[in-house]
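This report concerns only the one structure given below.
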Amino acid sequence: MAAGALKERVSFAVRNEQDDGFGNTVAGWIEQFQDAAEYVHLRGGESVIAARLENRHPQIVKVRASTATRRVTADWRVTDTRTRVEYAIRDVTASTDNKWIDLLCERGVLP
């Protein structure tokens, strides 16, 4: 894949839980970094079709492997910086040549 295919811009955030001073835990998201990405929409298969019937949208977000992107786990969240659509990361897979990282993401669900 050529770097020119990375036409989207996404931000990566990690969940942060803090004490609010009254004994309660308040959860939020802290942006870690932004990167260029490519979306690969998943089309076939029973599980993909069933997910769409439940108003979820599974897809692959492909990013270039770097020190920052190698830290991303399924506990993180991806946000499209243009549309502000948030995606829960379900799986992280590095390519065999370690140049790319594929993030299986899902829109419409809570991370």
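FYI, it's all coordinate maths here, none of it is from the lab. Here the structure is a predicted model, which means the values were calculated and not measured.
Annotation: amide H-H contacts under 5 Å for W100 (H modelled 1.01 Å from N, sequence separation of 5 or more, or interchain): A65, S95. Along the stretch 11-21 the Karplus relation, 6.51 cos²θ - 1.76 cosθ + 1.60 evaluated at θ = phi - 60°, assigns HN-Hα couplings of 10, 10, 10, 10, 6, 10, 10, 10, 7, 8, x Hz to successive residues, with x for each Gly and Pro. Working note: Karplus 6.51/-1.76/1.60 with θ = phi - 60° gives the stretch 59-76 the couplings 7, 9, 10, 9, 10, 6, 5, 8, 4, 5, 6, 6, 7, 5, 10, 5, 7, 8 Hz, where Gly and Pro are set to x. For Q32, nonlocal amide neighbours, meaning residues 5 or more places apart or on other chains whose placed amide H falls under 5 Å from its own, are F12, A13, V14.
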